[in-house]
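Down below is the structure, laid out as structure tokens.
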């Protein structure tokens, strides 16, 4: 399985490379693959944009990519938590990576999609009584359509569209986040401090559950600290909601940030 993929397009007279990550690798090996692609295939000024874990890899590319990397958009990266700071009190841990780990250790008597719906944090938080039925529905769908991804047409696609990629997901990649090994001996502080090019940090508004779980990728304090490590060449912009997918929920906000890299 490839370690990473990217969407490349021409935008405002510069190339925009959007980073998506999957596979059994680490931040530096993912980042070095894309740096090689930029310098050997694109070979011209390129703006790199990444979301979530891809935003952390984008930070690595911004720091070590060389002269062809001229700008970066860091869309809601899980700074500091994915190297251990408050990790077990983060939404990513309790909703995704712990469940990935626990499922991989289980007898796999049901499909991943059903297991996730039965145990996901957002379900327990907002729809606890409904989730067992949804999990059963997902299992039945999987058994009837084993070669298709699970679709739950009576729910918003935002709740299940991620299942489209579940069949191709390498659980060992998730394990690197569960055990905090994805940073591969590096630190976020070092990577961020080494960025010298212009960049924008897009932060989803901080929100916490009643039991203290951080319902966004990073707290406001973590985001401000990250920008502080980067320095004056980085602008922090915050949305008015905790929605992690800024590029879909706040499209104009995201496009404006990308546009700023073309000036």
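The values are calculated or read from the model by the stated rules, or taken from the named source; none is laboratory data. The structure presented is a predicted model; accordingly, all values stated were derived computationally and were not measured. Note that we place each Cβ from the backbone using ideal geometry, even for glycine, and neighbour counts take in every protein chain shown.
Which members of the stretch 141-153 meet the condition of being in contact (Cβ under 8 Å) with a residue 12 or more places away in the chain and part of a loop (DSSP other than H, G, I, E, B)?
Listed by number, the residues that qualify are 149, 150, 151, 152.
Which one of these is out of contact with any strand residue (DSSP E or B) (no Cβ under 8 Å at 6 or more places or on another chain), surrounded by 14 or more Cβ atoms within 10 Å (Cβ to Cβ) and at pLDDT 95 or above: 140, 136? Don't jump to the end; show me each part of the working.
Numbers: 140 fails: surrounded by 14 or more Cβ atoms within 10 Å (Cβ to Cβ).
Matching residue, one of 140, 136: 136.
Somewhere in the stretch 101-124, is a residue out of contact with any helix residue (DSSP H, G or I) (no Cβ under 7 Å at 6 or more places or on another chain), crowded, with 16+ Cβ neighbours inside 10 Å and closer than 21 Å to residue 206 by Cβ?
no
A quick yes/no check of all residues on (1) more than 22 Å from residue 102 (Cβ to Cβ); (2) under 22 Å from the mean Cα position of the chain (by Cα):
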{"position": "131", "(1), (2)": "no, no"}
{"position": "157", "(1), (2)": "yes, yes"}
{"position": "160", "(1), (2)": "no, yes"}
{"position": "167", "(1), (2)": "no, yes"}
{"position": "171", "(1), (2)": "no, yes"}
{"position": "180", "(1), (2)": "no, yes"}
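Where in the stretch 23-113 are there helices (runs of 4 or more DSSP H), lying wholly inside it, with at least 2 residues that are in the same structural domain as residue 196 (by TED's automatic domain parsing)? Explain how you work it out, then say what you get.
Numbers: elements: 27-37, 53-64, 98-105.
The helices (runs of 4 or more DSSP H) meeting that bar are 27-37, 53-64.
Applying the selection to the stretch 154-198, what residues are touching a residue at least 60 places away in the same chain (Cβ under 8 Å), in a loop (DSSP other than H, G, I, E, B) and within 17 Å of residue 117 (Cα to Cα)?
169
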